[in-house]
Amino acid sequence: QSCSFAGLSFTFGGVMISMNNLYPLLWTCAWIPWLFWACHRLLQYPHFKNIALFAGCYALQILSGHLEMVYFSSLLLLAYTLSISGIFSFQRSAFLPLLKKLIWVCLALGLGICLALVQLLPMIELLQHSIRQSGMNVAEAQVWSFHPFGCLNFVLSEVFGNFFDGIGLAPLIAEPRYGRTLLFFSTYLGISVLFFAVMALMEWKRCNSALRYWGIIAFITLLLSFGSYFFLHQFL
């Protein structure tokens with residue numbers, strides 16, 4: 001029941017709904033729960049069938065259309081593997097089992113990449129002709145920095161206005177970027193998600209490693225989203 005509720009909360013939650021006009025992002029993010037389910041299953045039951053399952057989900061995410069999300073998903077999957085496998089317990093006896101699990105996960109990720117090569121190889125060739133192939137500097141990467149006051153939008157989705165009426169609290173905050181980043185302030189978590197997040201924090205000492213992992217990831221990514229308003233983004 002808890003898994004079903006979590007799945008429904010993700011599917012019909014504010015994060016996915018707010019991307020209903022950004023199809024590449026929407027399709028790629030939709031594979032994230034499947035990836036972590038397949039990864040967790042592989043860590044619990046190391047078997048070639050679970051490798052194939054994980055690799056299939058990973059290949060489909062690669063083919064879904066937004067490789068930036070694939071990149072970050074891959075980093076989070078590796079961090080998840082380290083966290084679940086007990087790397088932070090600092091026990092020498094856990095090193096060899098951890099290494100074996102890392103090999104299983106990396107093997108699955110590599111197989112997923114091989115399955116998606118039919119799309120990746122032409123993409124690599126065409127990328128050389130893209131106007132974005134040179135990358136961007138720190139200032140360009142921080143253009144869409146998320147103002148800390150924007151956290152109010154997690155609860156009140158239109159506190160900084162919307163596309164239709166153009167009104168909100170932005171003039172009171174005196175932040176000129178709000179006027180052209182309304183789309184990025186449309187991300188809405190909802191009351192129920194925040195309610196359960198508070199419940200999880202209350203059980204922090206007794207919760208398992210997976211819940212702690214997601215709590216830490218949520219906190220770090222929120223700090224990174226502040227961009228130019230917080231030193232962490234530029235430091236990294």
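Here residue 223 clears all of (1) closer than 30 Å to residue 85 by Cβ; (2) in a helix (DSSP H, G or I); (3) at pLDDT below 80; (4) under 17 Å from the mean Cα position of the chain (by Cα) except the condition numbered (3). The residue that is farthest from residue 67 (Cα to Cα), among those in segment 1-21 that are hydrophobic (A, V, I, L, M, F, W, C) and in a loop (DSSP other than H, G, I, E, B), is 12.
Just one of the listed residues (76, 53, 102, 26) is under 26 Å from residue 224 (Cβ atoms) and at pLDDT 90 or above, namely 76. The set of residues from segment 202-220 being over 20 Å from the mean Cα position of the chain (by Cα) and assigned to a helix (DSSP H, G or I) comprises just one member, 202.
Of all the helices (runs of 4 or more DSSP H) wholly in segment 22-113, which have at least 1 residues that are touching a Leu at 6+ places or on another chain (Cβ under 9 Å), over 22 Å from residue 124 (Cα atoms) and among the aromatic types (Phe, Trp, Tyr)?
Details: elements: 23-29, 32-44, 48-62, 67-84.
Answer list for segment 22-113: 32-44, 48-62, 67-84.
Of all residues in segment 124-145, none that is among the charged types (D, E, K, R) has its Cβ atom under 6 Å from the Cβ atom of a residue that is assigned to a helix (DSSP H, G or I) and modelled with pLDDT of 80 or more, 6 or more apart or on another chain.
All conditions but one from (1) open to solvent by less than 70 Å² (accessible area, probe 1.4 Å); (2) under 18 Å from residue 71 (Cβ atoms); (3) out of contact with any Ser or Thr (no Cβ under 8 Å at 6 or more places or on another chain); (4) in a helix (DSSP H, G or I) apply to residue 122; the one that does not is (2). Tallying residues that are open to solvent by less than 70 Å² (accessible area, probe 1.4 Å) and polar (S, T, N, Q) within segment 222-234 yields 2.
Within the set 60, 22, 35, the sole residue that is among the aliphatic types (A, V, I, L, M), within 30 Å of residue 154 (Cα to Cα) and over 16 Å from the mean Cα position of the chain (by Cα) turns out to be 60.
The values are calculated or read from the model by the stated rules, or taken from the named source; none is laboratory data. All of these numbers come straight from a predicted model, not from anything done at the bench. Backbone-built Cβ (ideal geometry, glycine too); neighbour counts: all protein chains shown. To get the accessible areas, we keep the full protein, side chains included, count just its heavy atoms, and leave off ligands, DNA and RNA. Shrake-Rupley method; radii C 1.70, N 1.55, O 1.52, S 1.80 Å.
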